[in-house]
């Protein structure tokens, strides 16, 4: 088995990742519950103190084909249209992650009071 060559980065030009910071108010409570399921098709990680998460950090694959498959799987799994839209907007802006944070930025998008 051939392993791909590992790129070594110089600290003078580090690999930087892009994150969309957005309020958890832009997704449903069910979306946050789905992100915590072991079989969730979306790579989401809660952060904050145990039993009082501030939100979730969601990884967005950078392969366009894989991203569409992931979003289709997320929709079938039960994620809201609002969650899918936020992820698609973030991917269109070349973001690597979405940080759904209870104190995150509020945008001109639908919100949910939960």
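The values are calculated or read from the model by the stated rules, or taken from the named source; none is laboratory data. Everything numeric here is computed off the predicted structure, so don't read it as measured data. Glycine gets a Cβ as well: all are built from the backbone with ideal geometry, and neighbour counts include every protein chain shown.
Scanning segment 38-75 for residues that are surrounded by fewer than 15 Cβ atoms within 10 Å (Cβ to Cβ) and at pLDDT below 90 turns up 38, 43, 45, 47, 48, 49, 50, 51, 52, 62, 63, 64. Of everything in segment 77-114 that is free of Cβ contacts under 8 Å to residues at least 12 places away in the same chain and more than 16 Å from residue 32 (Cβ to Cβ), the residue that is surrounded by the most Cβ atoms within 10 Å (Cβ to Cβ) is 92.
When residue 19 is tested against (1) closer than 13 Å to residue 98 by Cα; (2) out of contact with any strand residue (DSSP E or B) (no Cβ under 7 Å at 6 or more places or on another chain); (3) modelled with pLDDT of 95 or more, exactly one condition is not met: (2). Screening residue 53 on (1) over 14 Å from residue 102 (Cβ atoms); (2) part of a loop (DSSP other than H, G, I, E, B) shows it passes everything except condition (1). When segment 22-47 is filtered for residues that are part of a strand (DSSP E or B) and within 20 Å of residue 67 (Cβ to Cβ), the ones remaining, listed by number, are 22, 44, 45.
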